[in-house]
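Heads up, the thing below is written out as structure tokens.
The values are calculated or read from the model by the stated rules, or taken from the named source; none is laboratory data. All of these numbers come straight from a predicted model, not from anything done at the bench. With ideal geometry, Cβ positions are generated from the backbone for all residues, glycine too; neighbour counts draw on all protein chains shown.
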Amino acid sequence: MLRELRIQALSDAPAAFGSTLERELARSPADWTRWLSTGATFLLEEGPVSKGLAAGVPDSTDGEVVHLMAMWLHPELRGSGAADLLVNAVLAWAAARGADRIRLDVVRGNQAATRLYERHGFQATGNTAVRARDGAVEIQMERVVGASRFSSSGPGSIGATGSAPISSSGRPMQIVATGNEPLPLGAWAAVRLGLWFVGSQFLAAIVLAGVLFALHPLAIRHGPSLTADQLLGIVCIAIPLSGLVVLYRLRKNLRGGAWPAVLAALGWRPVPRSTLLLGASLGAVLAGFYTVVLVPRLVPFFPREATDLSRALEQASPLGHLIFNASAILIAPPVEEFVFRGILLAGFGTAWGVWPGVAATTGLFALLHLSQIGGFWPAFLAVIVMALVAAGLRLRSRSLAPGIAMHMAYNAVIVGASILGGT
């Protein structure tokens with residue numbers, strides 16, 4: 001399909017492209033495979049037929065820059081808004097992968113294309129190039145992707161809801177990602193993955209409890225109930241299992257996406273050690289302020305209610321405490337950061353914009369921890385602040401790593417204060 005679209009494009013508007021029809025016809029299957037192996041390629045479909053194409057390619061020397069290339073739309077769809085779908089798809093992809101700027105080249109005199117790009121915020125940089133084969137002047141245009149790292153206008157997100165744009169022939173139009181890099185998540189796809197995360201935890205807990213009852217009935221105290229150690233063990237196992245379920249569902253959702261591209265787009269990328277240290281320091285300071293300053297002053301006025309988890313911790317053996325604390329520090333932070341500041345924030349940020357996405361993600365994160373708080377509202381406030389700081393680190397660094405470091409340090413200080421009797 002890619003080959004057919006490129007041949008149509010070069011046949012329709014040969015002067016608009018740097019390549020030639022002869023060159024495209026001479027490409028081998030291996031050449032087309034290499035095309036798809038770098039960056040992202042987006043097809044516009046009108047019903048079952050592909051009638052448009054755009055590609056996003058990372059700059060070979062500057063990791064902050066990507067290029068919009070190979071833009072073409074079938075003449076029947078020009079003026080229908082279909083070109084905007086293609087441009088927005090590349091913009092959303094560029095934002096999701098963490099690019100700062102996106103560039104393109106347009107032939108001088110191509111007013112329709114120039115107006116399209118200007119409508120999307122592109123401006124001429126002043127750089128031009130003369131094409132050797134025909135002397136045409138190519139004007140470089142550029143725009144900032146946006147500090148939010150997410151595009152609020154990118155349609156065609158996989159899993160997004162809402163009615164698809166309709167062409168003049170009455171057929172729905174949609175963007176389909178092909179190659180190694182997928183379209184960004186939409187809000188509904190992110191919500192579905194979040195539901196898989198929560199639901200798989202409950203399902204895993206039920207299955208594990210059933211296995212314990214079936215295999216070790218004599219080890220169950222007080223009739224049909226679990227011991228504290230068994231309850232804590234189920235919690236520790238269910239969290240990483242739910243993370244694996246989300247990874248599996250994510251891979252199925254993002255068709256056409258290779259794992260490195262998917263994970264990088266969601267923030268799974270390295271950062272300098274100084275950034276990790278900053279995250280860990282912020283987590284330790286937040287947890288220290290909560291345990292040393294807030295809790296001693298507020299507990300007399302806002303007594304905490306016992307929860308199932310707090311009761312289990314009171315009754316657990318030293319080994320149960322050790323396993324639970326290790327899970328809280330080492331396992332829960334990367335899993336929760338990947339789900340909340342990775343998947344959910346990317347999906348909500350793409351669909352609604354960065355600040356609504358941060359607000360929604362923070363609210364859901366706080367709600368998930370309500371069962372652990374026991375009605376103690378200062379703890380609820382502390383969770384919200386921690387979630388906001390984690391989101392800020394994610395947006396500033398474009399990586400989940402500093403947020404994970406912050407979350408680990410925060411939980412480590414809380415665990416240490418609990419062991420010392422501080423909370």
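Worth a mention:
The rows are residues; the columns are (1) under 29 Å from residue 135 (Cα atoms); (2) of a type in the set (Val, Ile, Thr).
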| position | (1), (2) |
| --- | --- |
| 4 | yes, no |
| 8 | yes, no |
| 28 | yes, no |
| 31 | yes, no |
| 38 | yes, yes |
| 45 | no, no |
| 49 | no, yes |
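- One residue stands out in the stretch 1-51 among those that are in contact with a Pro (Cβ under 8 Å, 6 or more places away or on another chain) and outside any helix (DSSP H, G or I): the one that is modelled with the lowest pLDDT, namely 47.
- Filter result for the condition that a residue is in a helix (DSSP H, G or I), crowded, with 18+ Cβ neighbours inside 10 Å and touching an Asp or Glu at 6+ places or on another chain (Cβ under 6 Å), over 320, 349, 279, 357: 320
- Within the stretch 365-423, helices (runs of 4 or more DSSP H) holding 3 or more residues that are of a type in the set (A, V, I, L, M): 377-397, 401-419
- Candidate set from the stretch 52-84 (those that are on the phi > 0 side of the Ramachandran plot and in a loop (DSSP other than H, G, I, E, B)); member that is surrounded by the most Cβ atoms within 10 Å (Cβ to Cβ): 81
- Exactly one residue among 113, 99 is part of a loop (DSSP other than H, G, I, E, B), in contact with a strand residue (DSSP E or B) (Cβ under 6 Å, 6 or more places away or on another chain) and either touching a residue at least 40 places away in the same chain (Cβ under 8 Å) or more than 15 Å from residue 145 (Cβ to Cβ) (or both), and that residue is 99.
- Answer residue from the stretch 360-397, given it is touching a Phe, Trp or Tyr at 6+ places or on another chain (Cβ under 7 Å) and not aliphatic (A, V, I, L, M) and is surrounded by the fewest Cβ atoms within 10 Å (Cβ to Cβ) among those: 377
- Within the stretch 20-53, the set of residues being more than 22 Å from the chain's Cα centre (by Cα) and small (Gly, Ala, Ser) comprises 26, 28, 30, 47, 50, 52.
- Considering each residue of the stretch 331-339 in turn, at least one proves to be over 30 Å from residue 94 (Cβ atoms), surrounded by fewer than 23 Cβ atoms within 10 Å (Cβ to Cβ) and either modelled with pLDDT of 90 or more or touching a helix residue (DSSP H, G or I) at 6+ places or on another chain (Cβ under 7 Å) (or both).
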